[in-house]
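In what follows, a single structure is set out as structure tokens and then discussed.
The values are calculated or read from the model by the stated rules, or taken from the named source; none is laboratory data. This is a predicted model, so every value here is computed, not measured. Note that we place each Cβ from the backbone using ideal geometry, even for glycine, and neighbour counts take in every protein chain shown.
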């Protein structure tokens, strides 16, 4: 666990999973008993693991920040959640050629 935020229903933490193979999140109602959230696509970028380091509650939405383990590049990543259990990566699509392009917009590539 790298960061923790308080919500109306308890606590949420983010960090890296035990295998160091992607991001992870946990929830707790009392701060002493934590439950791991299921692995999900927002915790990975293609085959690259995501590392989450920061977490904040912003207008009722959990916002976590970190980076993807892209050798030689290390790009930033933001994921969001309404409940700490289901996470999404705004502006990121899993489809080929869509690296970070906003939903519905084609990625611009240099010629």
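Only one residue in 25, 13, 38 is surrounded by fewer than 21 Cβ atoms within 10 Å (Cβ to Cβ) and either more than 10 Å from the chain's Cα centre (by Cα) or farther than 13 Å from residue 78 by Cα (or both). Which one? Can you show your working first?
Working: 25 fails: surrounded by fewer than 21 Cβ atoms within 10 Å (Cβ to Cβ); 13 fails: surrounded by fewer than 21 Cβ atoms within 10 Å (Cβ to Cβ).
Among 25, 13, 38, only 38 is surrounded by fewer than 21 Cβ atoms within 10 Å (Cβ to Cβ) and either more than 10 Å from the chain's Cα centre (by Cα) or farther than 13 Å from residue 78 by Cα (or both).
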Residue check: is residue 95 under 18 Å from residue 17 (Cβ atoms) and either in contact with a strand residue (DSSP E or B) (Cβ under 7 Å, 6 or more places away or on another chain) or modelled with pLDDT under 80 (or both)? no
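Among the residues of the range 59-90 satisfying the criterion of being assigned to a strand (DSSP E or B) and in contact (Cβ under 8 Å) with a residue 24 or more places away in the chain, which is surrounded by the most Cβ atoms within 10 Å (Cβ to Cβ)? Please lay out each step first, then the result.
Step one: filter the range 59-90 for residues assigned to a strand (DSSP E or B), giving 61-68, 76-81, 88.
Keeping just the survivors that are in contact (Cβ under 8 Å) with a residue 24 or more places away in the chain gives 62, 64, 66, 77, 79, 81, 88.
Details: 62: 21, 64: 29, 66: 22, 77: 25, 79: 24, 81: 22, 88: 13.
Ranking the qualifying residues of the range 59-90, first place goes to 64.
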Kindly evaluate residue 28 against the criterion of being modelled with pLDDT of 95 or more and touching a helix residue (DSSP H, G or I) at 6+ places or on another chain (Cβ under 8 Å). no
List every residue pair whose Cβ atoms lie under 9 Å apart, where the two residues are 6 or more positions apart in sequence or sit on different chains, the first residue falls within the range 41-56 and is on the phi > 0 side of the Ramachandran plot, and the second residue, located anywhere, is at pLDDT below 90 and surrounded by 15 or more Cβ atoms within 10 Å (Cβ to Cβ). 46/68
